[in-house]
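Everything on this sheet refers to the single structure shown next.
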Amino acid sequence: MRQTTFDHCEPVTDDDHAIRAALQDAHVPSLMLALVHLTGDLGIIRGDIRPSGDFFSTMGDPQCGITAEHQAHVRDRAVEVLTAYRDGRLRMPPSPSQETVQEMINFIIGQPVAPDYVQFLMAELALNGEDAYLQPADTVPDEVKRAFHVVIVGAGMSGLLAAIRLQEAGILYTVIEKNADVGGTWFENVYPGCRVDSPNHTYSYSFEPNDWPQHFSPQRVLRDYFSRCADKYQLRERIRFETAVEELAYDESQRHWTVHVRTKAGHRETLTANAVISAVGQLNRPRLPDIPGRDTFKGTAFHSAHWEHQHDLRGKRIAVIGTGASAFQFVPVIAEQASKLVVFQRTAPWVVPNAEYHSNIPAGKHWLLNHVPYYAKWFRFWMFWRTAEGLLAIVKVDPEWSEQERSVSAANEMLRIVLTENIKATIGDRPDLLAKAIPPYPPGGKRMLIDSGNWLQALKRDNVQVVTDPIAEITPHGVKTKNGLEYEVDVLIYGTGFQASRFLSPMKVTGRNGVDLHAHWNGDARAYLGITIPGFPNLFCLYGPNTNIVVNGSIIFFSECEMRYIMGCLKLLLENGHAAMECRQDVHDAYNVKIDAGNRQMAWGVTTANSWYKNEKGRITQNWPFTLLDFWTQTKTPNPADYRFL
Ligand SMILES: Cc1cc2nc3c(=O)[nH]c(=O)nc-3n(C[C@H](O)[C@H](O)[C@H](O)COP(=O)(O)OP(=O)(O)OC[C@H]3O[C@@H](n4cnc5c(N)ncnc54)[C@H](O)[C@@H]3O)c2cc1C
């Protein structure tokens, strides 16, 4: 796996022509900052050429408003600097001071960074290759660490991260994974068109940058990335594949967990663990809708997360139920194969245009990422910023705003107008479709989906029909809607998402006093920081309750923060000779009051539109309603006062 920090840059050996050609693909703001590193000339970023920080005016413009003429000027300067660097005629100045780095951050985000963000952004930027999420445990003697055993449930992105961090710290661990390989989401979701919709340069471990082939790479690339991480960190020998955890039980007398697993051969085995890390994901158990007659269908039927590739879809009549994130990706692909495709839609998604969504990273940009010192650092940082807090303010409810049904604030209304215009630009000539494709709820009420035009173009095809009449039943031959029409099909595909709010299911989890976690939650999962639960000592969750995001960040960011916190907890235990720690009920409750209040202030909290963010009781159990800075700060290190030590 190639690193792209300065230390790991490949030497420049290319001729002037090749360098100039590569620069055509440059992200100019990142390039300008790389030139500052190479020359020490702050004049490069103190003139008129600068990116705009205005979200709306630069939406879809990666150069953030820098004109073509100005871009050419920067490229000319870059040729001079990079050829001098190649020829050894350039002596790089010392690393910039903290003050200068702050000025560089202000430049690339197009506005002065707020004082409370400085530490967070500096850490995320990690200019000198420092590991921002490492929680060193070197104060704990090795024999103490080796005598402590952690069981990690799941070997997806989060479980692998947990294993890497425990391994680095020298703490003994075992990973239990029900699948035959690592990767979780990216191992299981093999439907056509599956890809990440967080920019890949931020959807990667902070400590493991990658030379991604696309800005938003396909599933196979993600799967291979996590597989390579498992190899590189030599995790496989500690993972038990094709083994499922069925039950976790806390033994109060021993102050440890008993872990009951079922092997592929059907044998039940028992392990003991001083601590358990649940890394079972929120989106791992597919959800099939409760529609009458579901089992009567005589054709082929499957869920998108368990795609059955053995069926040739060419020339088939296909029904797709759902227009969520997965259907959004596979419908354009199968629309080209089907003779007829009927898409049953309950709620239309908001579509955010992004011309780069399906495109390869051009050769020149690869070259820059791998050869130009600090270019990759700033490029990742810029991506992080654009997808971090940028949109959050735009989906926050203004209580004074009167149009709450369709937008939640003036900025949200502006976004609604921009996104509506984009939909009209593609399907404005189809008024029948337009009425179905423009969501009636505020942008941010559900996850907005990124598209380079494929989705709307697919809906427009002659062989595609969008049906919004509610489904009444599934019949042996197709789908019948409430208005009595029956749509006969050969194949039925459920794009109906996951049992997201059933956290840690179907494992049985028993804590202190024999309390059953699922009975205790009663369908309404809660945890402190999404990580710890009163009554369940030394049980830690990754991607637990209220750690999902709608418009900002990526789940990897959250898991990295959570794992840093968990390592802090283990350190607290081991340094002080405690066997276990348990979150205080009052701390947990006060925290959840804040979470609920926060979610009520966001578009997804006020909308009446259906979404997987709400549990059966109507409470938002999935989402984090605050900034990334808030999560980063609150999970930096555990406060011992929040816990009882046992
Ligand atoms: C199609 C799709 C696209 C997505 N795109 C994005 C995106 O663009 N950006 C983003 O931030 N997030 C995205 N997500 C969310 C995604 O789930 C997370 O980013 C991330 O992959 C979660 O990793 P995880 O390890 O926490 O969970 P998972 O990847 O779900 O892994 C959980 C693992 O636990 C195992 N497991 C579960 N129960 C047991 C058990 N009882 N015993 C043993 N093993 C068990 C599973 O087999 C699985 O391997 C997407 C999700 C899906 C489904």
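The values are calculated or read from the model by the stated rules, or taken from the named source; none is laboratory data. What you see is a predicted model, and the numbers here were worked out from it, not measured in a lab. All Cβ positions, glycine included, derive from the backbone under ideal geometry; neighbour counts span all protein chains shown. The protein model used for the area step is the full one, side chains on, heavy atoms only, and it has no ligands, DNA or RNA in it. Shrake-Rupley method; radii C 1.70, N 1.55, O 1.52, S 1.80 Å.
Summary table
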item	result
Residue check, Ala126 away from the ligand (no atom under 14 Å from the Cβ), at pLDDT below 90 and over 26 Å from Tyr375 (Cβ atoms)	no
Residue match in segment 403-418 (condition: assigned to a helix (DSSP H, G or I), under 26 Å from the mean Cα position of the chain (by Cα) and without any contact (Cβ under 8 Å) to a residue 24 or more places away in the chain)	yes
Subset of segment 54-80 that is of a type in the set (Gly, Ala, Ser) and under 29 Å from the mean Cα position of the chain (by Cα) - its residue that is farthest from Leu391 (Cα to Cα)	Gly65
Subset of segment 285-305 (residues that are within 11 Å of the ligand (Cβ to nearest atom) and either modelled with pLDDT under 95 or surrounded by fewer than 20 Cβ atoms within 10 Å (Cβ to Cβ) (or both))	Arg285, Pro286
Residue list for segment 164-197, restricted to those being within 11 Å of the ligand (Cβ to nearest atom), touching a residue at least 60 places away in the same chain (Cβ under 8 Å) and of a type in the set (Gly, Ala, Ser)	Ala180, Gly184, Gly193
Filter result (assigned to a helix (DSSP H, G or I) and in contact with a Cys (Cβ under 7 Å, 6 or more places away or on another chain)) within segment 180-227	Gln219
Matching residues, segment 7-47, being under 23 Å from Gln102 (Cα atoms) and at pLDDT below 95	Asp7
Which listed residue is under 24 Å from Pro537 (Cα atoms) and touching an Asp or Glu at 6+ places or on another chain (Cβ under 9 Å), from Thr263, Thr258	Thr258
Scope segment 270-284; condition assigned to a strand (DSSP E or B) and either open to solvent by less than 60 Å² (accessible area, probe 1.4 Å) or among the aliphatic types (A, V, I, L, M) (or both); matching residues	Leu271, Ala273, Ala275, Val276, Ile277, Ser278
Pairs where the first residue, in segment 293-313, is charged (D, E, K, R) and the second is surrounded by fewer than 12 Cβ atoms within 10 Å (Cβ to Cβ), C-beta under 7 Å, 6+ apart	Lys298/Pro476
Residues being open to solvent by 10 Å² or more (accessible area, probe 1.4 Å) and in contact with an Asp or Glu (Cβ under 6 Å, 6 or more places away or on another chain) - total across segment 368-383	1
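Rundown of residues vs (1) farther than 30 Å from Gln254 by Cα; (2) without any contact (Cβ under 8 Å) to a residue 40 or more places away in the chain; (3) not β-branched (Val, Ile, Thr), yes/no style:
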{"position": "Asn106", "(1), (2), (3)": "yes, yes, yes"}
{"position": "Val113", "(1), (2), (3)": "yes, yes, no"}
{"position": "Ala126", "(1), (2), (3)": "yes, no, yes"}
{"position": "Glu130", "(1), (2), (3)": "yes, yes, yes"}
{"position": "Ala137", "(1), (2), (3)": "no, no, yes"}
{"position": "His149", "(1), (2), (3)": "no, no, yes"}
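Residues checked against (1) in a strand (DSSP E or B); (2) surrounded by fewer than 21 Cβ atoms within 10 Å (Cβ to Cβ); (3) at pLDDT 95 or above:
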| site | (1), (2), (3) |
| --- | --- |
| Leu433 | no, yes, yes |
| Pro439 | no, no, yes |
| Lys446 | no, no, no |
| Asp469 | no, yes, yes |
| Lys480 | yes, yes, yes |
| Tyr487 | yes, yes, yes |
| Leu504 | no, no, yes |
| Val509 | yes, no, yes |
| His520 | no, yes, yes |
